[in-house]
Structure formats: structure tokens, C-alpha cells
Amino acid sequence: MSVPREVLDELDKRIKRLQAVIEIAESVPPSDNRPIPKLQSSFSVYLWMSVAWFIGGFLIIYFLRSRYGGALNSAPTGVSLAVYAVLALGVVILLVAYYLSRRKEEGEVFDIDERARAARRLLKEFYLPLKKALEGDDEEAVRALADKLLEDPLLARAMDVLHEGNPKLCAYALYLYVSREKVGGDEIRETLERLDNKPLRRLLSVLVEG
């Protein structure tokens, strides 16, 4: 099956994008190539203090109510245990949400060196060989690339770093392409709904449209 030009054009766009990542990394001085560590916010300290204060107060009130329940309940300044528990829970939820957001930010620190290494690997071991295999209608080479995506953790990691799609799903898309005569259109369409690699989406779309 001859691959349409639009598929190869999409591959060329991806190849140029990765080459640009490498060129940018090479143009940045080494001292500027590292992610800058972020200062810890004092907001987290205040949150921890609030949690400790609320939990400590909650335990004290619970102890007093369990021991002097009648007297404390009749006091004009009595504090509702339920209200206090809700406030304490709210602060705990706020603390958890804060730390989850911090972890997400730390995971998204831009490391141009790592991205450049990933781009080199993807170009050399996946996109350039894939383009060559599709141009030459070499289905065995396409199948070998699918196998490599599943078996090579470094290649899979490079794809993750550059947000090029789920490596396993990309491998499955290549398997579908070389087995297109044996699979149904519904299976291809279902894969297209989950696939987020543009060149491979274009490749499967051609099968559906055809």
C-alpha cells in the first residue's frame, strides 16, 4: 500500500519540530540549561500550623466533652464539635490540594537537556526509520519499530518526555497498520479515539477514509 503524501508531510512536521528542540538546546549556554529550583513557599508552613492547631483543638474539645459533656454543653461559650471537625477537615483538604499542585508543578519543570536527548533518540530510532519504512512500503520495518516501542524503555521514555503519545498505544497503531487487511474498521476507529500521536493518527485515518 502506497502511503499518501499527507502522512509523510505530517511526519516531516514532527521531524522538523524535534530538530528545532535540538537546535535550541545546542544554542543555550550550559549554565542556563538546567531547571531553576523554586523556593519553598511559607504558605505550606501556615497550612501545617493550621492543621496542627485544628487537630489539637479538636482532640482537646473531644476530651472535654467526653469527660465533662453536660457542663460543657450548657456553657454559653460551648463550641460545636461537629463545626470544629468540618473546619479541621477543610484545612486538611486544602493542605492536600496544595501539595498535589506543587508536585504537579515540580513534575513539569522544563529541562531542555533532557528534551534534547529525547528528541535525538526519537529522531534516530523512531521517526526517521518510520518515514523510511513507509516510503519504501517496508511493513516488516514498521512492525520492528512497533516491537521496539514496547521493548525499549529508553525509547518509550523519550516519547513520554516529549508528549508524543502513549508508547504502547503508538505501537498498537503500527500493528494495526501492518495488519490492516485482518482488522475491522471499528477497531481502527476505536484506537483513533485514544491515539494522541499526530503522524500515527494521520496514518490510521487514511485507512478509515480509504
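The values are calculated or read from the model by the stated rules, or taken from the named source; none is laboratory data. Given the structure is predicted, the values throughout are model-derived calculations rather than measurements. Backbone-built Cβ (ideal geometry, glycine too); neighbour counts: all protein chains shown. To get the accessible areas, we keep the full protein, side chains included, count just its heavy atoms, and leave off ligands, DNA and RNA. Shrake-Rupley method; radii C 1.70, N 1.55, O 1.52, S 1.80 Å.
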Scan of segment 141-152 for residues that are over 12 Å from TYR172 (Cα atoms), assigned to a helix (DSSP H, G or I), in contact (Cβ under 8 Å) with a residue 12 or more places away in the chain and of a type outside the set (Gly, Ala, Ser), ordered by number = none
Considering only residues that are open to solvent by 10 Å² or more (accessible area, probe 1.4 Å) and farther than 21 Å from ASP160 by Cβ, look in segment 170-180 and name the one that is modelled with the lowest pLDDT.
-> ARG180
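Here is a yes/no grid of residues against (1) part of a helix (DSSP H, G or I); (2) out of contact with any Lys or Arg (no Cβ under 9 Å at 6 or more places or on another chain); (3) at pLDDT 95 or above:
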position	(1), (2), (3)
LEU122	yes, no, yes
TYR127	yes, no, yes
LEU130	yes, yes, yes
HIS163	no, yes, no
LYS182	no, yes, no
GLU193	yes, yes, no
VAL208	yes, no, no
